[in-house]
Amino acid sequence: MSEDKNIESVEAGKEGLRTDANPSKKTLTHTPSVAMREFAETAAQREKPPEVRPATKLQLVSRSTQIKEAALASLFFICAFLAVLGVALIFAFVAFRAFPLVTEIGLWDFLTGTTWSVAEGTFGAVPFMLGSLVVVGGSLVIGVPLAVLTAIFMSEVATPRANSIIRPAVELLAGVPSVVVGFFGVVVVVPLVSALVGGAGFGPLTAWIVLSIMIMPTITTLSEDALNSIPMGIREASYAMGATKWQTIWKVVIPAAKIGIIDAAILGMGRAIGETMAVLMVVGNAPQIFAGISAPISTMTSQIVLEMGYSSGTHRTALFGLAAILSLISMSLVLTVRLVSRDQHKKRKKVKKGGVA
Amino acid sequence: MSAHETKYSTVLQTDPLTTSYYVRNLEFWYGDFNALTNISLDVMPSAVTAFIGPSGCGKSTFLRCMNRMNDLIPDTQVGGKMLLKGADIYGSGVDPVDLRRRVGMIFQQPNPFPQSIYDNVAYGPRLQGVKKKRDLDDIVEDSLKRANLWKEVKDILDKNGLAISGGQQQRLCIARVLAVQPEVLLMDEPCSAIDPTSVQKIEDLMAEIKDEVTIIIVTHNMQQAARVSDYTSFFLQEVAGEPAVLVESGKTSDIFTAPIDKRTEDYITGRFG
């Protein structure tokens, strides 16, 4: 009984504090949870004389603030959740529509088949998987060094004046619609390649050049951010050791920004894998196995765009199968590169350890 | 400000070869702003010289003139004479890169490279073409020992230089500089951002290496200047926007016990700054 009294007097004390801050709360204070009640009891036992009047009144958190905070938190959560839900739904949808190919074509035949013929009803995905890999790989080989060197120039070498021209140019390049880049490819690069290596000019080499132009701004901008985030003190330390500018860049700044640059390349690769329009316009679109830098090939994305409109039945299922493979490949590529970069880091450390000991 | 005259408790040398640094009438500009004017002083070899003065008095700027780090800041200009063992470091065609190898620098914020402790110390020797593992191992061990850090890191040489404490990082930076055998070591407030134990160790190592390496230290800590230095120079910028000057220079014992200039006395006794 005495405990109850104590609780009540504590509550009374609280009430006194609360009155002008939030009178509507009075009703709530009489229904505390079990844990709260226990806490109140022990607190009451510890601090015996609860009659002590506080010398000041502390403003209590108002109900509207609480509601606002909770609403904002749930808004952010919903946005984040929508992104996750979107990815999950897309994967589920593609997988659902592609699934019938297991019975209609056979998974193994689809994945290892080298012939794609709508007329004959044979659907082998190898030409497109290979085509996509060739196109993406080549464009990275050209685009990544180009982009990283540009980023190094912008971050370490160029004067602010030069940067005031280069930076907007790179950003503009990022904003050029892919169909326009594709036009540039058809009108300028195709004849050039045709003159250089023969053939019609439609093929992997042309796609590499066009794609590397497209992924370059992404990689450049992100790499430059990574380089700029390296503290000036590290560069100064290197200069103060008697290192030249190039030694400082190659041996200190780039290793320090390595992870950021790899991330930039991964994002560029993501763009290259998904790029459809520009590739479609220059790659030749022949469902053939890769046979040289000037022989027309086709990629998964361009094949889907070309045929989805008029496809039906098994043909359509096969195209969804390509979409499923595309999703899986892009996902696994990103994961692979991440793992590789992490492994290399570990390996390097181990070598050093063994050497010194 | 041309009326200003520096007071010297020790006579300025006439032969540049008796000094480590021989500075006469040095001027320094950031763009249009004349940051330092008419600085003349000697830095004696195999000794510790302390530069003291309130914040913004140009002592760090002056220090950065001594290994031409200010070259990295665009639109700066130097006038007057600054000789290292008689050779003009601002002479035409002088390679600032080689100068900086001979005149090492420690900064206020420890700035190890985000690489292993071993690689940090081996950085300088590697730049100079030392490739043999055994030679590098020796240099790394020797440098870390001279920097009073070896005992703490000898089993974690593969650990990232940023993973150790701030004070250890600063000693790592000292080891990194010592690994290239500099003749002069410039220290720009090396102890203002680190723990007392490390400060003690750094002051110890300064005393240990000063016979081989001329040390110049910028510090805000009067006690530290009095403890570690043999010579002291007091810089002051009296009016904001006006160039800073060298007020007084001489033996540390003289400056701290019998300063000639009233302003030196005021600063040392803590009346301003």
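List the residues, sorted by chain then number, that are 5 or more residues from B:G80 or on another chain and whose placed amide H is less than 5 Å from its amide H.
B:E27
Peptide B:152-160: average number of partner chain Cβ atoms within 10 Å per residue? If you can, show how the numbers build up before the last one.
Values: counts 0, 0, 1, 3, 2, 5, 10, 3, 1.
Mean partner shielding for this stretch: 3.
With a 10 Å Cβ neighbour count serving as the proxy for reagent exposure, in which order, fewest first, do B:I156, B:I194 appear?
The fewest-first ordering by Cβ neighbours comes to B:I156, B:I194.
Quick check: the angle from helix B:117-127's long axis to the longest principal axis of chain B, C-alpha only, nearest 10 degrees?
Taking Cα atoms only, the helix is inclined about 70 degrees.
For region A:65-216, what does the alpha-carbon gyration tensor say about shape, rounded, prolate or oblate, given a ≥ b ≥ c as the root eigenvalues, a/c under 1.5 as rounded, and a/b over b/c as prolate?
Details: a/c = 2.85, a/b = 1.02, b/c = 2.78.
Because a/c hits 1.5 or more and a/b fails to exceed b/c, region A:65-216 counts as oblate.
Can you give me the angle between helix B:196-209 and the longest principal axis of chain B, using Cα atoms only, in degrees from 0 to 90, rounded to the nearest 10?
Helix B:196-209 sits at roughly 80 degrees to that axis.
In nm, what is the difference between 0.36 nm times the number of residues separating B:I260 and B:A87 and their Cα-Cα distance?
Difference between extended and current length: 59.1 nm.
What is the average number of partner chain Cβ atoms found within 10 Å of a Cβ in B:110-120?
Working: counts 2, 9, 3, 11, 9, 6, 5, 2, 4, 4, 1.
Mean number of neighbouring Cβ atoms from other chains: 5.
Using 7 Å Cα-to-Cβ label points, what is the A:L146/A:L133 separation (nm, one decimal)?
Computed distance between label sites A:L146 and A:L133 equals 2.4 nm.
Among rounded, prolate and oblate, which fits the protein assembly as shown when a ≥ b ≥ c are the square roots of the eigenvalues of its C-alpha gyration tensor, a/c under 1.5 means rounded, and a/b larger than b/c means prolate? Mind showing how you got there, number by number?
Values: a/c = 2.52, a/b = 1.35, b/c = 1.87.
Here the protein assembly as shown falls in the oblate category.
In debye, nearest 20, what is the charge dipole magnitude of region A:101-352 about its Cα centre with +1 on Lys and Arg Cβ and -1 on Asp and Glu Cβ, if you could check?
1260 debye
Just to be sure I understand the model, the point goes 7 Å from the Cα along the line to the Cβ. What's the resulting B:Q181 to A:N163 distance in nm?
3.9 nm
Using a Förster radius of 45 Å, what is the FRET efficiency between A:T122 and A:F183 based on their Cβ-Cβ separation? Nearest 0.05, please.
Calculated value: 0.85.
Quick one: if the Förster radius is 30 Å, what FRET efficiency do A:I259 and B:A193 give, using the C-beta to C-beta distance and rounding to 0.05? Walk me through the intermediate numbers first.
Numbers: r = 26 Å, r/R0 = 0.87.
FRET efficiency, A:I259 to B:A193: 0.70.
Taking each pair of different alpha-carbon atoms in region B:198-241 once, compute 1/r for the pair, average those values, and report the inverse of that mean as the Kirkwood hydrodynamic radius in Å to one decimal.
Result for region B:198-241 stands at 12.0 Å.
Calculated from DSSP H runs of 4 or more alone, at -39500 (n - 2.57) each and per residue, what is the 222 nm mean residue ellipticity of chain B, nearest 500?
-9500 deg cm²/dmol
Quickly work out the B:A240-to-A:D109 label distance, labels modelled 7 Å from Cα along the C-beta direction, and quote it in nm with one decimal.
Label at A:D109, label at B:A240, 8.5 nm between them.
Counting DSSP beta bridges with both partners in the protein assembly as shown, what percentage is antiparallel, nearest 5? Numbers along the way, then the final one.
Numbers: 26 of 47 bridges.
Restricted to the protein assembly as shown, the bridges split so that about 55 percent are antiparallel.
So which chymotrypsin sites (Phe, Trp or Tyr not before Pro) in region B:1-71 end up in coil per DSSP with only 14 or fewer other C-beta atoms within 10 Å?
Answer in residue order: no site qualifies.
Taking R0 as 22 Å, what's the FRET efficiency between B:S253 and B:L12 from their Cβ-Cβ distance, rounded to 0.05?
In this case the efficiency is close to 0.75.
Which of the aspartates and glutamates could be linked to B:K154 by a straight reach, that is with a Cα gap under 18 Å, when you skip same-chain ones fewer than 8 residues away?
Counting by Cα, and skipping residues close in sequence, B:K154 has these aspartates and glutamates nearby: B:D119, B:D135, B:D137, B:D138, B:E141, B:D142.
Per-residue Cβ counts within 10 Å, from other chains only, averaged over A:226-239: what number is that?
Going residue by residue through A:226-239 and averaging, the value is 4.
Classify region A:101-352: rounded, prolate or oblate, from the alpha-carbon gyration tensor (a ≥ b ≥ c, eigenvalue square roots; a/c under 1.5 rounded; otherwise prolate if a/b is larger than b/c)?
Prolate, since a/c reaches 1.5 and a/b exceeds b/c.
For B:K251, go through the aspartates and glutamates and keep the ones whose alpha-carbon is under 13 Å away, minus same-chain ones fewer than eight residues off.
Candidates past the 8-residue exclusion: B:D42, B:D230.
Every number here is computed from the coordinates shown, using simple stated rules; none is lab data. Here the structure is a predicted model, which is why all the values come from computation and not from measurement. Methodologically, a virtual Cβ is constructed for each residue, glycine included, from the backbone with ideal geometry; neighbour enumeration extends over all protein chains shown.
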